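Data block below; observations after.
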Amino acid sequence: MKNKAIYFGSLIIIILLYVYASNYKLSPPIYKINKVNFEFEKEMLTRPNDKDISVVDSIMFARKINKRDSSTFFILDSIVEHRLKERDYYLNVLGIKEYVLETKKDTLIIVNKPEQIEFINDIAGTEYIEELPGKYHKYLRKGSSYESSLYMQAEDLILDVDELNWDKKKYYYFIANDNYQQGLIITKINKLQTFEEKWSSGNFLSTNEEIPEEILYPYSSSKYWLIPIFILVALSPAFISIKNNLFPKQKRQYYNSQKTVAIIWLAFIFISLLVVLSVIVFDIDISDGGGAMILLGTFLFICSLIIFIIFYKRAIQFDKTYTGISSENQKAEENTILARWTYDKRMWDEFVNFDHQEKLSTNKSTFLLVSILIVIIFGFFMIADPDVTPTMGIIGVGLILLLFFVSRLSPILTAKRLKSSNPECIISKTGLILGKQYHNWKSLGNRLESIRLINNEKPLLEIIYSYPARYGRQNYTLLVPVPLDQFAKAEQIVKILEEEKS
């Protein structure tokens, strides 16, 4: 009960954190900080501005002049002179200090504290983001190469902005000591909204400042890290179950072949995740192989996950079958062992050889049938189109050779695997373990078709079960040797499984 409370409590906390991170918004005011070059500002007084150039372009268009010449510059100079006032000429002849004092007046703040001087010089003296100290990058709009505006709250600003009279002024200039060449202009923003919020409100033509979303909602990007954490916590019971079943504290005294396969595919799951994550961690461009890595990793992850689930389930069923409790009760539970037979070496070797010969015989019949079909089908195409005869002949012969090797090799590998395994058989209602082989007829669409006891010199249980295949169901025949003193028990097993089947 306590573990369940911790589990669901953790999930609720993560959900609440996600909601909080999605909706947390900085409270006003926010201060917008831009660098200003007073020398450049003063120099631009007598130079053409954007409006002047726009007027010249309109005149040239009206006169159908497509190329600028000396007359064009004469027109531009005339427009600039017409715009300039007596005060502009007066300001232009002033020294930079006098210019700043004259134009900024009571909006100019001169700071003398070392930390404030350093703050101004750090921002005003840079042009590119790479030159800006890293501690200020979080206050910038993301995705810009040039240093743009910085957005800070009062507690982040080293400058004393709270003491200024913002009711009468919209902005203030800050310079360090007697450095009148450059400084900062700080604007107070009381109405906080992003571009999307401004657009959705219908006030997209207003002059209100737009705050970058990553600044106004500081946890908006970090919240996505909570998604994988939520998934990990939600799946933690499954992870614990996998750990306990595949990597138990107490080493089992038997070999679970299904567990080995499940662990291999679990490793492939982690490898596929590493392939995908490496694209993000190492910032591999999509065009430089990142896209192929994501596609390959995703495909491998999906395939590995499906196969892992299949063999993990089989590994659990294998353990339940092997460690089941013996019972004479025909109404026993599914995992109850109906029989646990061990064989001496001579009987086991005889069974392995017999099983090997049976499979060779079955495969030989199948090989002959499929080979005849290949000859008929490929022969039809070779007769219909003599031009493709060599190609079709090579393909047909190749397929027949491939089938021949598979039909011969498969029984050999099966016999070798049986011979190297423990000479025992464990039978339950859901399946059986024969040496290192595990067969289950009650999972993944498998179905028990028939069971019979072959009573001859060496009695055998013949179990036929089917499994879903591409073109309908495919049968698999399983032979189990019956010890001579267990014939009655074998008859009882046939009766129990027949009742289960029906």
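Any read-out appearing in this document is the output of simple, stated calculations on the displayed coordinates, not a laboratory observation. None of the values given here were measured: they were computed from a predicted structure. Quick reminder, even Gly has a Cβ in these numbers, built from the backbone with ideal geometry, and neighbours come from all protein chains shown.
Per residue, how big is the convex hull around the C-alpha atoms of segment 16-140? Give it to me in cubic angstrom, could you?
Convex hull of Cα atoms, per residue: 241 Å³.
Please identify every one of the GluC sites (Glu not before Pro) in segment 418-496 that sits in a loop by DSSP and has no more than 12 other beta carbons within 10 Å of its own beta carbon.
Glu457
Check every DSSP H run in the chain and write down those whose alpha carbon atoms cover 27 angstrom or more along the long axis and whose mean Kyte-Doolittle hydropathy is 0.5 or greater.
Span-like helices, by this rule, are 2-23, 257-281, 290-322, 345-384, 389-419.
For the pair Ser361/Glu155, report the inter-label distance in nm, with labels modelled 7 Å from Cα in the Cβ direction.
Each label point lies 7 Å from its Cα, and together they span 8.6 nm.
Please report the spacing between the Cα centers of segment 424-500 and segment 203-261 in Å, no decimals.
Value for the Cα centre distance between the two parts: 43 Å.
What does the convex hull of the Cα atoms come to per residue for segment 375-502, in Å³?
153
Assuming R0 = 30 Å, what is the FRET efficiency of Ile231 and Lys313, from their Cβ-Cβ distance, to the nearest 0.05?
Efficiency for this residue pair is about 0.90.
Assuming 0.36 nm per residue, please report the length gained on full extension of the stretch Lys135 to Lys170 beyond their Cα-Cα distance.
9.9 nm
Cross-link partners among aspartates and glutamates for Lys25, C-alpha distance below 20 Å, same-chain residues fewer than 8 apart left out?
Cα-Cα hits under 20 Å: Glu155, Asp156, Glu196, Glu197, Glu209, Glu210, Glu213, Glu214.
Report relative contact order for segment 404-502 in percent, whole number only (criteria: Cα-Cα under 8 Å, sequence separation at least 6).
18
Reachable lysines from Lys495, Cα under 24 Å, same-chain residues fewer than 8 places away excluded?
Hits, sequence-local ones excluded: Lys320, Lys331, Lys429, Lys442, Lys458.
Name the long-range amide H neighbours of Gly324: under 5 Å, sequence gap of 5 or more, or other chain; modelled H, no Pro or chain starts.
HN-HN under 5 Å from Gly324: empty list.
Based on the Cβ-Cβ distance of Glu127 and Leu16, what FRET efficiency does E = 1/(1 + (r/R0)^6) give at R0 = 41 Å, to the nearest 0.05?
Result of the calculation: an efficiency of 0.40.
Greater than 28 Å separation of Cα atoms is the criterion. Which listed pairs, Lys113/Lys170; Lys313/Lys364; Lys35/Lys170, meet it?
Lys313/Lys364
If R0 is 30 Å, what FRET efficiency do you get for Glu163 and Phe195 from their C-beta distance, rounded to 0.05?
0.40
Counting other beta carbons within 10 Å of each Cβ, put Ile310, Ile433, Ile383 in order, fewest first.
Ile383, Ile310, Ile433
List Asp57, Asp283 from most exposed to least, where exposure is judged by having the fewest other Cβ atoms within 10 Å.
Asp283, Asp57
Could you work out how far apart the two model spin labels at Leu277 and Arg87 are, taking each label as a point 7 Å from the Cα in the direction of the beta carbon, and quote it in nm?
Using points 7 Å along Cα→Cβ, the separation is 6.3 nm.
Report, to two decimal places, the Cα Rg of the chain normalised by 2.2 N^0.38 Å (N = number of residues).
Dividing the Cα Rg of the chain by 2.2 N^0.38 Å gives 1.76.
Measure off 7 Å from each Cα along the Cα-to-Cβ vector at Ile395 and Tyr255, then give the distance between these two points in nanometres to one decimal.
Rounded to a tenth, the inter-label distance reads 4.2 nm.
How much length is gained on full extension from Gln474 to Lys97, taking 0.36 nm per residue of separation minus their Cα-Cα distance?
Answer, rounded to one decimal: 126.3 nm.
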